[in-house]
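Enquirer: Got a structure here, written out as structure tokens. Questions coming.
The values are calculated or read from the model by the stated rules, or taken from the named source; none is laboratory data. Since the structure is predicted, the reported quantities are computational estimates derived from the model, not experimental observations. Here Cβ is always computed from backbone atoms with ideal geometry, including for glycine, and neighbour counts include all displayed protein chains.
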Amino acid sequence: MTAVSPDTRGTDERGTLLRLYREIARGRALEDVVHRLVQERSFRGFFHPGRGQEGLQAGVCAALDSDDYLLYAHRGLTYLTAKGMDPVEVLGDFHGRVVGSTRGLGAGTVHCVDPERGVMGQGGTLGSSFTLSAGLALASKALGESKVACAFFGDGASARGTFLEAGVTAKAWGLPVVWVCENNGWAVSARVQDVQGTNDIAPRAEALGFHTQVVDGQDALAVHEAALEAVAQARSGVPAFIEAKTERIDGHYTGDMQPYRDRDEVAVAKARDPLDLAGGRLVALGEDPAALAQIRAEAEAEMAAADAAARQSPFPDGSRIHEGLWA
Amino acid sequence: MTETKPITYAWAINHAIDEEMERDPAVFLMGQDVGRMGGVFGLTRGLFDKYGAERVRDVSIVEHLVVGGAVGAAMGGLRPIAEVQFADFLLLAGDESFHKMAKWRYMHGGRLSVPMVVRAPCGIQGGVGAEHSQSPEGHYWHTPGVKIAVPSNPADAKGLLKSAIRDDNPVIYFENRRLYRNKGVVSPDPDLLVPFGRGTVARPGSDVTVVAWSAMVPAALEAAEVLEREEISVEIIDPRTLVPFDMETVAASVRKTSRLLVLHEASLTAGPGAEIAARAADELFELLDAPVKRLAGADIPIPQNMALEPFCFPQTDEIVSAVRDLAKW
Ligand SMILES: Cc1ncc(C[n+]2csc(CCOP(=O)(O)OP(=O)(O)O)c2C)c(N)n1
Ligand SMILES: [Mg+2]
């Protein structure tokens, strides 16, 4: 298990970090739109905000090629835009409009899809991505492609039995998987320490023989560098694992008042906001704060426009439910 | 079609896999002991030597991975044939089969495809008990998004498996272990497919229609022989696939006989026969002269004691008497 230290940073730290900053800002602006949809009740399902975890999501996705496979998790939306999905399609899914990536069936957090960009969907049952990513990675290997299959999941999902089944097989077959555990310390109201007897997920991946790294998930650049290494390992046939220690700033879902959680802990989490941390580092590297404000304003404008565009799209008619079951 | 020597149902399955692997390099097999050993029932013998470890993949005790990995591999461009050692074990991979395999395409707007086959050896045989003897086709018939094949003889076993492998949808292929040694003439033509959704008349007759599939077809044929001596003429319809289900062939038969018995090995209550009986009541009411009858497995877990097995699923004499009762109407 290797901890990524800041000294391994590449030469173009500022350029890379700016790229990540933009993706974090885009993901956050997109989620802010979704929060409004929840408030105005134009989206009625559960939304699991990713606030606090956008840095690691952007950092990993920036290390993937556009044809690498992605099985994202339910915790926010930064994965999707960072992998290249059109936010109009994502918001179209939340609005249940035909422009959505599911072409009107609706989605929100899970089920958004974009095969052309390697976004292979997501299921509502946690822990199903372990086996699916192993299968995608097997296809890539068997067909002589160089794609990796990247799967995100939480500390809670890492306890599923599928982790072990897919993990041992990925190791046995040398599959190009990159598994990214977003360890935010909570599964709804359950502390990982209380229900798993540990705060650390990585040792179990290391025991399976994965190339394993533990990284500060609030440091987008550190995650990015770990991900570049993980992807290289996976492409060479060594399954790779990253545990990103992260913070869930908001509740489990939008509207969760977190009565089970200590206020001070939430304050600490807020103080480790990945957008602020990346911004602070950029300013220290000489970036003009006004330029950062500009990036955030552009992200907000982009997502507002995407929302307007999605709302222009028609709702499907009832016959839509009978389409797409069979190939 | 060249006449050949009869081959077993088991060997017909082997031939189907072999021919499809030869035809399409995207087809591969995975499961426990499918490699060097050639399968616990010997069905995959020779394939490891011919195609190697990359295409005939042994796995550990990982049913979730076998089915979920097949879903992923199928989405990624392969055509997996996933083998579970017993159909019962498919239920271990409940999330992967009910949720991932069946729903992944639809949930994602029809934009992904999952062309895969699960081979599921089913049926009561050999004293292997409650967790190695089930025929769970009804569980999956109740799950929109999977096709279901239930072959009853070697020719259909081969032709349906080849169709399943070529299908762009997920298919569960239930192969009944009691049929493995049954022999029949099978075309060596590698392009001969048995289409899904087309039932067949396993035996023509005029008095009573019996719908039966899998190992219940030979049992029904035996019963029909007995009944013929009593001048009761039985028509046996083998739907061959449950999804899609060929109701037209059933209707055409009931139009002649006006009497319908539905027969299956899986337990009776809320079983697959209930669906067929309900459809018959709904769609064929005016053709019927008698209530639709079901004869099916007992509503119990299968005991380990082999001597009790015959009490667990319809036997020839029970089929005979059920048909006799119907013929009285
Ligand atoms: C198999 C399964 N069990 C339970 C749930 C309900 N559920 C949704 S999110 C969640 C908590 C997940 O915790 P974790 O994996 O740590 O991810 P996080 O929400 O913290 O990002 C639960 C229990 C589910 N969707 N799937
Ligand atoms: Mg968590």
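Enquirer: Quick one: in segment A:239-290, which of the residues that are over 26 Å from residue A:43 (Cα atoms) and either within 14 Å of chain B (Cβ to nearest Cβ) or among the polar types (S, T, N, Q) (or both) is farthest from ligand 2 (Cβ to nearest atom)?
Expert: Among those residues, the one meeting the criterion is A:239.
Enquirer: Name the residues in segment B:149-197 that are of a type in the set (Lys, Arg), crowded, with 21+ Cβ neighbours inside 10 Å and under 25 Å from residue B:75 (Cβ atoms), would you?
Expert: Selection gives B:162 alone.
Enquirer: For residue B:235, which of the numbered conditions (1) out of contact with any Gly (no Cβ under 6 Å at 6 or more places or on another chain); (2) under 24 Å from residue B:328 (Cβ atoms) fails to hold?
Expert: Status for residue B:235: all satisfied but (1).
Enquirer: May I pose another question? Test residue A:27 against the stated conditions and say whether it is within 11 Å of the chain's Cα centre (by Cα) and on the phi > 0 side of the Ramachandran plot.
Expert: Judged against the criteria, residue A:27 is not a match.
Enquirer: Right, something else. Go over the candidates B:278, B:270 one by one and state the one that is within 19 Å of residue B:312 (Cα to Cα) and among the small types (Gly, Ala, Ser). Talk me through it step by step, then tell me what you get.
Expert: Details: B:278 fails: within 19 Å of residue B:312 (Cα to Cα).
That would be B:270, the only listed residue that is within 19 Å of residue B:312 (Cα to Cα) and among the small types (Gly, Ala, Ser).
Enquirer: Are any residues in segment B:12-31 among the hydrophobic types (A, V, I, L, M, F, W, C) and surrounded by fewer than 21 Cβ atoms within 10 Å (Cβ to Cβ), and if so, which ones?
Expert: Once the filter is applied, which keeps residues that are among the hydrophobic types (A, V, I, L, M, F, W, C) and surrounded by fewer than 21 Cβ atoms within 10 Å (Cβ to Cβ), segment B:12-31 yields only B:26.
Enquirer: Identify, by number, the condition in (1) within 16 Å of ligand 1 (Cβ to nearest atom); (2) within 14 Å of another protein chain (Cβ to nearest Cβ); (3) not in a helix (DSSP H, G or I) that residue A:218 doesn't meet.
Expert: Unmet condition: (2).
Enquirer: Only one of these is facing chain A (nearest Cβ under 7 Å), at pLDDT 95 or above and crowded, with 22+ Cβ neighbours inside 10 Å: B:75, B:116. Name it.
Expert: That would be B:75, the only listed residue that is facing chain A (nearest Cβ under 7 Å), at pLDDT 95 or above and crowded, with 22+ Cβ neighbours inside 10 Å.
Enquirer: Now, a different point. I'd like to verify a number: residues in segment A:35-56 that are under 16 Å from residue A:112 (Cα atoms) and either among the hydrophobic types (A, V, I, L, M, F, W, C) or surrounded by 24 or more Cβ atoms within 10 Å (Cβ to Cβ) (or both), how many? Give the steps one after another, and end with the answer.
Expert: Initial filter on segment A:35-56 (under 16 Å from residue A:112 (Cα atoms)): A:43, A:45-50.
Of the ones still in play, those that are also either among the hydrophobic types (A, V, I, L, M, F, W, C) or surrounded by 24 or more Cβ atoms within 10 Å (Cβ to Cβ) (or both) are A:43, A:46-47, A:49-50.
Number satisfying all stated conditions: 5.
Enquirer: Hey, any hits in segment A:156-168 for a residue that's among the β-branched types (Val, Ile, Thr) and within 12 Å of ligand 1 (Cβ to nearest atom)?
Expert: yes
Enquirer: May I pose another question? Sort through A:150, A:181 and tell me the only one that's within 19 Å of residue A:49 (Cα to Cα) and surrounded by 24 or more Cβ atoms within 10 Å (Cβ to Cβ). Let's see the steps before the verdict.
Expert: Working: A:150 fails: within 19 Å of residue A:49 (Cα to Cα).
None of the others qualify; the one that does is A:181.
Enquirer: Residue under question is residue A:174, and the condition is that it be of a type in the set (Gly, Ala, Ser), within 13 Å of ligand 1 (Cβ to nearest atom), surrounded by fewer than 23 Cβ atoms within 10 Å (Cβ to Cβ) and within 14 Å of chain B (Cβ to nearest Cβ); does it hold? Lay out the reasoning, then the answer.
Expert: Numbers: of a type in the set (Gly, Ala, Ser): yes; within 13 Å of ligand 1 (Cβ to nearest atom): no; surrounded by fewer than 23 Cβ atoms within 10 Å (Cβ to Cβ): yes; within 14 Å of chain B (Cβ to nearest Cβ): yes.
Against the criterion (of a type in the set (Gly, Ala, Ser), within 13 Å of ligand 1 (Cβ to nearest atom), surrounded by fewer than 23 Cβ atoms within 10 Å (Cβ to Cβ) and within 14 Å of chain B (Cβ to nearest Cβ)), residue A:174 does not qualify.
Enquirer: Separate question: Evaluate segment B:120-138: report whether one residue or more is in contact with an Asp or Glu (Cβ under 9 Å, 6 or more places away or on another chain) and within 14 Å of chain A (Cβ to nearest Cβ).
Expert: Taking every residue of segment B:120-138 in turn, none turns out to be in contact with an Asp or Glu (Cβ under 9 Å, 6 or more places away or on another chain) and within 14 Å of chain A (Cβ to nearest Cβ).
Enquirer: Which numbered condition trips up residue A:84, out of (1) part of a helix (DSSP H, G or I); (2) in contact (Cβ under 8 Å) with a residue 24 or more places away in the chain?
Expert: Unmet condition: (1).
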